[in-house]
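Peer 1: One structure is given below, represented as structure tokens, and several questions about it will come after.
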Amino acid sequence: MTGAAQPQPAIAPVLILSTGRCGSTMVSDLLNRHPQVLSLSEFFVPLGPEAFAWQRPDGARMWRTLSTQSAGLHAMLKDGKVVDEGLYRFDAPGARFRPGDVPPIVAVTLSHLTDDPEALFDDLEPLVRARPRMPLADHYRALFGDLADRFGRRVWVERSGGTLMHAAKLLRLFPEARVIHVYRDGRDTAMSMNRHHNFRVLVGAILRCRRLGIDVQRAFRATQGSPIDVWMQRLVFRLLDIEKTAALPGVEDFARFWSDLILIGDDAFRDLPPERLLNVRFEDVQTAPRDNLRRLIRFIDPSLDDDAWLDEVSVIPRPARSNFRDLPAAERTALTDACAPGLDRLGYPL
């Protein structure tokens, strides 16, 4: 008689950390096709500082964090400017939410997992609200566990554009996590950020704060959030004219922002042992997708190696020409200079 099937061993959670605009969204989409991976796309960053502010919240507080737009997210969405990463279908018949009130976990994360994100949102509310006051990481683990069970997945992978801003906090919350650092040449990344509404608002707000003597990057390096971060963001965005703020930065400002994030992230995970850190150069994924995606999935766990999944996803990435190289020589030089510290840290030629 055949014995009962043995439970599969647990797989450590995975954080995909990046500056944003570097191909991490595509990596998240490819992982979403794996039958054993729960791809949590754009979970932490849209929550804003609320994601890390309360260290022992109760269920009601957690639900407010998950369901209510932060001041920064509201500023980006309130005028209806929805970027490509936004997956919730505002134009669908009977859609419950508009850009200015869509819950942060519905805008992308739940819409990435199901065609009916509103129903999943409703199902999660009583589960989250019922949880007692407990450490913040335990709330996230419980929520991600609920979702993994619901979709029959063995491991969760979180990827938000710009998570290098929160690398130190995420590694403190999930000290067991494996880290995949996805990056791309900062000059092309900066040019992409320059065309992206949310990044224009973010970097414009950072520049405004700097002029007021507020160093936003101190919060990026902190290992723990605080309610003060939430109140500060509310104050800042109450004072800002969003249209003028988004018009403020130039491409070299995005280059310096990219470089700063690379250094902040590298400092946060430089002490991780090799078995817990995988660096993924997006240009390599584009030119040799099968080899690099196999390396990525085996890093998460060798038991996830799946030829059928590789066959499906390795035909999706395509080599892309570097837009940076089409710039006039003087602009290429200025952009390279602004990116130089980060490029040097990653080993790109200057």
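Peer 1: Using the per-residue mean of other Cβ atoms lying within 10 Å as a proxy for protection, in what order, highest first, do the peptides 159-165, 252-258 fall?
Peer 2: Details: 159-165: 26.4, 252-258: 24.4.
Per-residue Cβ counts within 10 Å, averaged per peptide and sorted highest first, yield 159-165, 252-258.
Peer 1: Another one. Averaged over all directions, how much area does the convex hull of the C-alpha atoms of segment 230-294 cover when projected, in nm²?
Peer 2: Numbers: hull surface 30.5 nm².
That works out to 7.6 nm², a quarter of the Cα hull's surface.
Peer 1: If you don't mind, there's one more thing I want to ask. Quick one: in segment 33-145, what % of C-alpha pairs are over 24 Å apart?
Peer 2: Numbers: 1493 of 6328 pairs.
So the portion of pairs separated by more than 24 Å is 24 percent.
Peer 1: Show me, bin by bin at 10 Å from 0, the whole-percent P(r) of segment 211-250 based on Cα pairs.
Peer 2: Binned Cα distances yield the sequence 22, 51, 26, 1.
Peer 1: Within straight cross-link reach of residue 78, meaning Cα distance under 18 Å, which aspartates and glutamates are found once same-chain residues fewer than 8 apart are removed?
Peer 2: Straight-distance partners of residue 78: 91, 101, 241, 243.
Peer 1: Considering just Cα atoms, how many Å³ per residue does the convex hull of the chain enclose? Walk me through the intermediate numbers first.
Peer 2: Values: hull volume 54.9 nm³, N = 350.
In the chain, the Cα convex hull volume per residue is 157 Å³.
Peer 1: If you don't mind, there's one more thing I want to ask. Would you mind putting 314-324, 112-122 in packing order, based on average other-beta-carbon counts within 10 Å, highest first?
Peer 2: Values: 314-324: 13.2, 112-122: 16.4.
Averaged packing, sorted descending, gives the order 112-122, 314-324.
Peer 1: What does the extension gain come out to for residue 288 and residue 228, with contour length at 0.36 nm per residue minus their alpha carbon separation? Walk me through the numbers before you get to the answer.
Peer 2: Numbers: separation 60, 0.36 × 60 = 21.60 nm, distance 4.51 nm.
Here the answer is 17.1 nm.
Peer 1: Between residue 211 and residue 337, how many nm apart are label points set 7 Å from Cα along the C-beta direction?
Peer 2: 2.3
Peer 1: Excluding residues on the same chain fewer than 8 positions from residue 244, give the aspartates and glutamates whose Cα lies under 16 Å from its Cα.
Peer 2: Leaving aside aspartates and glutamates fewer than 8 places away in the same chain, those within reach of residue 244 are 79, 253.
Peer 1: R0 = 56 Å: FRET efficiency of residue 97 with residue 275, Cβ-based, nearest 0.05? Before the final figure, lay out the partial values.
Peer 2: On the way: r = 41 Å, r/R0 = 0.74.
Step by step, r from the Cβ atoms, then E = 0.85.
Peer 1: Let me ask something else about it. Separation between the residue 315 and residue 239 pseudo-spin-labels, each 7 Å from Cα along Cα→Cβ, expressed in nm?
Peer 2: Going by the 7 Å Cα→Cβ label model, 5.5 nm.
Peer 1: Out of residues 5 or more away from residue 155 or on other chains, whose amide H comes under 5 Å of its own, with H placed 1.01 Å from N in the peptide plane?
Peer 2: Here the answer is 38, since their amide H atoms fall under 5 Å of that of residue 155.
Peer 1: Separate question: What are the radius of gyration and Dmax of segment 84-206, computed over its Cα atoms and given in Å?
Peer 2: Here Rg and the maximum Cα pair distance are 16.7, 47 Å.
Peer 1: If amide hydrogens are placed 1.01 Å from N in the peptide plane, which non-local residues have theirs closer than 5 Å to the one on residue 277?
Peer 2: Excluding prolines and chain starts, which carry no amide H, the hits are 179.
Peer 1: Which value at 222 nm does the chain reach when only helices count, each DSSP H run of 4 or more adding -39,500 (n - 2.57), with the total divided by all residues and rounded to the nearest 500 deg cm²/dmol? Let's see the in-between values first.
Peer 2: On the way: 18 runs with 179 residues, N = 350.
Value at 222 nm, helices only, nearest 500: -15000 deg cm²/dmol.
Peer 1: How many nm is it between the label spots at residue 322 and residue 142, if each spot is 7 Å from the Cα in line with the beta carbon?
Peer 2: Label at residue 322, label at residue 142, 4.9 nm between them.
Computed from the coordinates by the stated procedures, all read-outs in this text should not be read as laboratory data. Only a predicted model underlies this, so the values are computations on that prediction, with no experimental measurement involved. Here the Cβ is made from the backbone with ideal geometry for all residues, glycine too, and neighbour counts use every protein chain on show.
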